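The values are calculated or read from the model by the stated rules, or taken from the named source; none is laboratory data. Bear in mind that the values here come from a model prediction, so they are computed numbers and not experimental data. Every residue, glycine as well, gets a Cβ built from its backbone with ideal geometry; the counts of neighbours run over all protein chains shown.
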Amino acid sequence: MKAMGGFITLEGLDGAGTTTQARMLQNVLEHMGINAVLSSEPTSGPVGSLIRQILAGRVNGRHATGMDAMFDRKALALLFAADRLDHCETFIKPLQKQGFIVISDRYLHSSLAYQTQDAEWDWVVTINKYAVQPDLVVFLDVAPEVAMSRIEGRGAGREIFENLGFQQHVMDAYHKALDLLADENKLIVNGEAPKEDVHSEILQRVLEQFNR
Ligand code: TMP
């Protein structure tokens with residue numbers, strides 16, 4: 001019988017290590033002969049590419065006076081939701097149907113954590129209403145101060161959300177979003193542990209949950 005597909009998302013503050021852990025997970029599952037595919041949000045599609053430019057501060061809105069203005073944060077919330085819906089319909093759902101475990105580096109819970117800083121919670125939920133729910137949300141728990149020092153160590157330019165005050169609020173919203181999930185749909189890992197330990201904990205849970 002063909003194995004049922006699954007959908008796992010990795011979440012955390014900027015600097016929490018979601019990209020590293022998503023790659024490690026996909027890699028090991030593939031080596032075990034399990035069909036697993038990696039994806040991420042913002043995606044590399046048309047809306048995701050625009051979002052990346054806005055995050056880097058390369059695209060601004062324009063004020064009525066003709067001056068550049070910050071791109072509106074609620075409009076950005078809509079872009080994240082549009083990118084997600086396209087991601088669901090063109091990638092996540094078709095691959096799940098084919099029996100793949102889809103691993104997404106960030107997804108819905110990023111919007112619940114980040115966009116609720118500038119828009120109401122219920123509205124962010126509403127605009128994401130057609131997004132397929134993950135089977136498992138893995139949250140990499142890293143203190144905002146630690147996450148920020150990792151970002152500083154990276155040396156690259158900062159994106160618009162990468163400052164300590166904002167990340168502290170994002171952490172609170174992540175906890176609110178995680179509290180709403182049933183235990184079988186979430187795994188909270190100490191993201192400050194060595195990356196191999198974090199990886200082992202995630203892998204063990206994934207193998208248990210998906211009976212592989
Ligand atoms: P990344 O650098 O981890 O790839 O993520 C890009 C940034 O976008 C990061 O600051 C988190 C943010 N983000 C949101 O604000 N909302 C979302 O829905 C997603 C997917 C990412």
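Screening residue 158 against (1) touching a strand residue (DSSP E or B) at 6+ places or on another chain (Cβ under 9 Å); (2) within 13 Å of the ligand (Cβ to nearest atom) leaves a single unmet condition, (1). Can you confirm whether residue 132 is more than 9 Å from the ligand (Cβ to nearest atom), part of a strand (DSSP E or B), under 27 Å from residue 180 (Cβ atoms) and not basic (Lys, Arg)? Criteria not met by residue 132.
The set of residues in the stretch 48-62 being surrounded by 16 or more Cβ atoms within 10 Å (Cβ to Cβ) and either away from the ligand (no atom under 11 Å from the Cβ) or in a loop (DSSP other than H, G, I, E, B) (or both) consists of 50 alone.
Just give me the residues in the stretch 166-199 being polar (S, T, N, Q) and either under 24 Å from residue 151 (Cα atoms) or modelled with pLDDT under 95 (or both), in sequence order.
Within the stretch 166-199, the first condition is being polar (S, T, N, Q), and the residues that meet it are 167-168, 185, 190.
Answer for the stretch 166-199, where residues must be polar (S, T, N, Q) and either under 24 Å from residue 151 (Cα atoms) or modelled with pLDDT under 95 (or both): 167, 168, 190.
Taken over the stretch 1-47, residues that are within 15 Å of the ligand (Cβ to nearest atom), touching a helix residue (DSSP H, G or I) at 6+ places or on another chain (Cβ under 8 Å), under 19 Å from residue 202 (Cα atoms) and in a helix (DSSP H, G or I) amount to 2. Could we say that residue 78 is of a type in the set (A, V, I, L, M, F, W, C), outside any loop (DSSP other than H, G, I, E, B) and either over 27 Å from residue 173 (Cα atoms) or without any contact (Cβ under 8 Å) to a residue 60 or more places away in the chain (or both) here? Taking the combined requirement at face value, the residue satisfies it. Residue 19 - would you say it is in contact with a Pro (Cβ under 7 Å, 6 or more places away or on another chain), within 24 Å of residue 88 (Cβ to Cβ) and touching a residue at least 12 places away in the same chain (Cβ under 8 Å)? The answer is no for residue 19. Before we move on, is residue 5 in contact with a Lys or Arg (Cβ under 7 Å, 6 or more places away or on another chain) and more than 25 Å from residue 194 (Cα to Cα)? In short, yes. Each residue in the stretch 161-174 was checked for being assigned to a loop (DSSP other than H, G, I, E, B) and either under 16 Å from the mean Cα position of the chain (by Cα) or in contact (Cβ under 8 Å) with a residue 24 or more places away in the chain (or both), and 2 of them qualify.
Within the stretch 175-185, the set of residues being more than 15 Å from residue 16 (Cβ to Cβ) and either in contact with a helix residue (DSSP H, G or I) (Cβ under 7 Å, 6 or more places away or on another chain) or in a helix (DSSP H, G or I) (or both) comprises 176, 179, 183, 184, 185.
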